[in-house]
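Below is one structure, written out as structure tokens; comments come after it.
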Amino acid sequence: MNGLSKGIRKAEVALKWDPSPAGQPPTDMDLVAATYLASDPHGDPAYTVYFGSRSPDGTITLNRDSADGKGFGWDEVMTLELDRLDSRYARVVVGVVIQQRPAHRTFVSVLKPNLRISEGYDVLAQDDFGGVLAATAAAVAEFVRGESGAWDFHAGIHGFEDDPATFTRVMGNHWS
């Protein structure tokens with residue numbers, strides 16, 4: 001980041017996949033974001049945002065939520081308004097969870113998964129989860145507030161084999 005950069009201000013994380021074949025249980029993948037306090041940036045999340053929840057101040061929202069991948073275009077979309085996030089938060093980690101009901105699933109069993117992280121028209125990262133095929137969840141992005149207040153983006157796909165509840169507690173540990 002050079003001296004003229006204002007950092008990442010508003011990011012969008014989008015996820016899509018193809019529906020399960022006829023006769024198979026639906027595949028349900030979910031985006032989740034965890035915020036971390038500046039006083040403990042690598043501790044427990046201050047709060048998490050996922051289906052059915054939102055951030056207390058409305059800065060992180062799940063705009064689209066699919067339980068089966070049958071949507072047109074991107075099935076799940078999350079917006080992170082980092083420039084509006086209170087200064088007490090220094091870190092946001094975003095992850096993807098494959099729901100384990102009614103069948104156990106890993107990324108290898110999801111048809112054509114795709115992830116895109118962007119800021120406006122600029123694509124920051126894209127991935128197909130090919131590096132974490134045995135995982136049931138993955139941390140996919142880290143946003144960190146620098147001393148100047150500008151947000152920096154760290155890409156990477158880091159697989160986990162935990163249940164969804166455990167994953168949301170530990171998904172930020174990879175970048176520690």
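The values are calculated or read from the model by the stated rules, or taken from the named source; none is laboratory data. All of these numbers come straight from a predicted model, not from anything done at the bench. In this analysis, Cβ positions are derived from the backbone assuming ideal geometry, glycine residues included, and neighbour counts consider all displayed protein chains. Accessible surface is based on the protein model in full, side chains and every heavy atom, while ligands, DNA and RNA are left aside. Shrake-Rupley method; radii C 1.70, N 1.55, O 1.52, S 1.80 Å.
Suppose we keep only residues that are of a type in the set (Ser, Thr, Tyr) and part of a strand (DSSP E or B) within region 64-96. Which one would you say is farthest from THR35 (Cα to Cα)?
Checking each candidate, the answer is THR79.
For region 131-150, what are the residues that are open to solvent by less than 40 Å² (accessible area, probe 1.4 Å) and either without any contact (Cβ under 8 Å) to a residue 40 or more places away in the chain or more than 16 Å from the chain's Cα centre (by Cα) (or both)?
Listed by number, the residues that qualify are VAL132, ALA135, THR136, GLY146, GLY149, ALA150.
Any residue at all in region 36-53 that is assigned to a loop (DSSP other than H, G, I, E, B) and in contact with a Gly (Cβ under 8 Å, 6 or more places away or on another chain)?
Scanning region 36-53 turns up at least one residue that is assigned to a loop (DSSP other than H, G, I, E, B) and in contact with a Gly (Cβ under 8 Å, 6 or more places away or on another chain).
Out of curiosity, is THR27 more than 18 Å from VAL170 (Cα to Cα) and open to solvent by 20 Å² or more (accessible area, probe 1.4 Å)?
Here the answer is no, as THR27 does not meet what is asked.
Could you check how many residues of region 152-169 are at pLDDT 90 or above, surrounded by fewer than 17 Cβ atoms within 10 Å (Cβ to Cβ) and hydrophobic (A, V, I, L, M, F, W, C)?
1
Tally time: how many residues in region 1-29 are modelled with pLDDT under 95 and acidic (Asp, Glu)?
Selection size over region 1-29: 2.
Take the conditions of a type outside the set (Asp, Glu), under 20 Å from GLN24 (Cβ atoms) and either over 14 Å from the mean Cα position of the chain (by Cα) or surrounded by 17 or more Cβ atoms within 10 Å (Cβ to Cβ) (or both) and apply them to VAL110. Does it pass?
yes
Applying the selection to region 55-87, what residues are over 23 Å from ALA155 (Cα atoms) and surrounded by fewer than 17 Cβ atoms within 10 Å (Cβ to Cβ)?
PRO56, ASP57, GLY58, ALA67, ASP68, LYS70, GLY71, PHE72
Cβ-Cβ distance below 9 Å, separation of 6 or more or different chains: which pairs start in region 151-176 with a residue that is farther than 21 Å from LEU80 by Cβ and end on one that is open to solvent by 60 Å² or more (accessible area, probe 1.4 Å) and not small (Gly, Ala, Ser)?
GLY159/LEU133; ASP162/ARG169
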